[in-house]
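A.B. asks: Okay, here's the structure, questions in a sec.
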Amino acid sequence: MRVRTAGAGAGAGAGRTVRRALVAGLGLALVALTPLPAQANATTGAAGEPVAATGAWADPVSASGAAAALVDVSGAAAGPVGVTRTTLAADTVIPRGVTVDLVRRTMTLAAGEKRHLRGRLEATSTTTGIVGLTERIRCLDASGRTVPVVAASARNHEGGDTVTYATPGHLPLFADLLFTAPADGTYTCVLQGTAYSSLTGSYHLTAVAGKTWLEADDGDRVGAGWWQNPACESADSGGACTYVGTGPARRDAWVFYDDGTPSRRWQAHPDAVSVSAQANLELTTCYHGTASCATAMQAHPRGKNAVVDARFEFIQLGTTGHACRTHSTTARRTVTDDAHHAVGYSFLTGLPVDPACGTRDFLMRIYVKHVSGQTVKIDGVQSGVTSLTNGIAFNNFG
């Protein structure tokens, strides 16, 4: 685990005391699977409710409650594919510097079969200081080897006294993975949590029972597509990441489109009655002294925060390869320097495939525009395997 140290800063909420924020950056160590504690899982059926054709962006962390509906849309628009939710049965401690296996699902798949997995990790903290939290979904083959890709999301837990979360002191994170079996076999997918910080003293995070879970499809997600943006390491010492902001940063960027992502089109299945798409966009603020951004991108001292506009687009193409029908959803996002890393979740469901376009080809992209404050880094793939910004397209057959 690579520990990154940030400078001191103030708490996020009004009236909160100034605290020393010695927090790790997004260093995602790849670790071997370890056994789960006894009685750690309780499995129940938990298919999401059907969702009408719509688009939205949601922040499950905010006390505004904007993401209340997001929790139950996993797999909702995919028609006959059922979803099983495996829930953490007992509160589980996540010590600092340790990756803990929380929930798992084992599946026997044929080569090429696809499953959408969504994980939710809700954590509390024993300290009022700031502690980094990373959630991962990792799938392993029968020999215990990790099968790329690992899906991840991260955010700093701002302390057990934080009142700006939907539930005070409780930080929820989501991650999504479209897993494709590389060969016939049995695969075990695991929801993991890691806490990291250079705070002194004794503290830990705790994954909350009942609110921490892993969902997995019960059947094949026929023809589903996966997007991920290019390599972007935690410290970005090589300057490979995409930034939006002031100074040398770009003012805006198109994720999955002009950020170095290989160009791709996704074709809806001939029998699909509609399609759906979703994307998770991870951003990191680049304040002075952070170890999570290239030095040239650090324009302001800690506490400036960042505001960006994001527009998620799923575009049906015409016969000339240009846009024929554009579906989109927009949001303005504030990423605080205390949170440091933050994920926005976008989804578009029940989209008709217009025969007048002449093709069933689609393009996915996210427009990100800097509005004010800190430059932000658009997080990408770390260590060649761990994806922090990604998208999925689904066929809906019923």
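A.B. asks: For the stretch 141-204, just say rounded, prolate or oblate: build the C-alpha gyration tensor, square-root its eigenvalues into a ≥ b ≥ c, call rounded for a/c under 1.5, and beyond that prolate if a/b exceeds b/c, oblate if not.
C.D. replies: Prolate shape, in that a/c is at least 1.5 and a/b is the bigger ratio.
A.B. asks: Modelled label-to-label distance, D161 and D91, 7 Å Cα→beta-carbon offset: nm?
C.D. replies: 1.9 nm
A.B. asks: A294's amide H: which non-local residues (gap 5+, or another chain) put their own amide H closer than 5 Å, with H modeled 1.01 Å from N in plane and none for Pro or chain starts?
C.D. replies: none
A.B. asks: Quick check: residue separation of D252 and D354 times 0.36 nm, minus the Cα distance between them. What number comes out in nm? Before the final figure, lay out each step's value.
C.D. replies: Details: separation 102, 0.36 × 102 = 36.72 nm, distance 3.01 nm.
Value of the extension gain: 33.7 nm.
A.B. asks: Taking the Cβ-Cβ separation of V371 and T106 as r and a Förster radius of 30 Å, what is the calculated FRET efficiency to the nearest 0.05? List each step's numbers first, then the result.
C.D. replies: Values: r = 45 Å, r/R0 = 1.49.
E between V371 and T106, to the nearest 0.05, is 0.10.
A.B. asks: Tell me, what ³J(HN,Hα) does each residue in the stretch 103-118 have, in order and in whole Hz, if you take phi through Karplus 6.51 cos²θ - 1.76 cosθ + 1.60 with θ = phi - 60° and put x for Gly and Pro?
C.D. replies: 9, 9, 9, 9, 9, 9, 10, 8, 3, x, 5, 10, 9, 8, 10, 10
A.B. asks: In the stretch 193-225, whose amide N lies under 20 Å from the spot 7 Å out along Cα-to-Cβ of T186? List them in ranges.
C.D. replies: 216-220
A.B. asks: List the lysines whose Cα lies under 23 Å from the Cα of K211, skipping any in the same chain that are fewer than 8 positions away.
C.D. replies: List returned: none.
A.B. asks: When we measure straight from the Cα of K369, which lysines land under 22 angstrom away, once same-chain ones fewer than 8 places off are left out?
C.D. replies: In chain and number order, the partners are K304, K377.
A.B. asks: Here's something else I'd like to know. How high is the FRET efficiency from D141 to S328, r the C-beta distance, R0 41 Å, rounded to 0.05?
C.D. replies: Computed FRET efficiency for D141 and S328 comes out at 0.60.
Bear in mind that the values in this text are calculations on the coordinates, not laboratory data. All values reported here derive from a predicted model rather than from experimental measurement. Don't worry about glycine lacking a Cβ; one is built from the backbone with ideal geometry, like all the others, and counts go over all protein chains shown.
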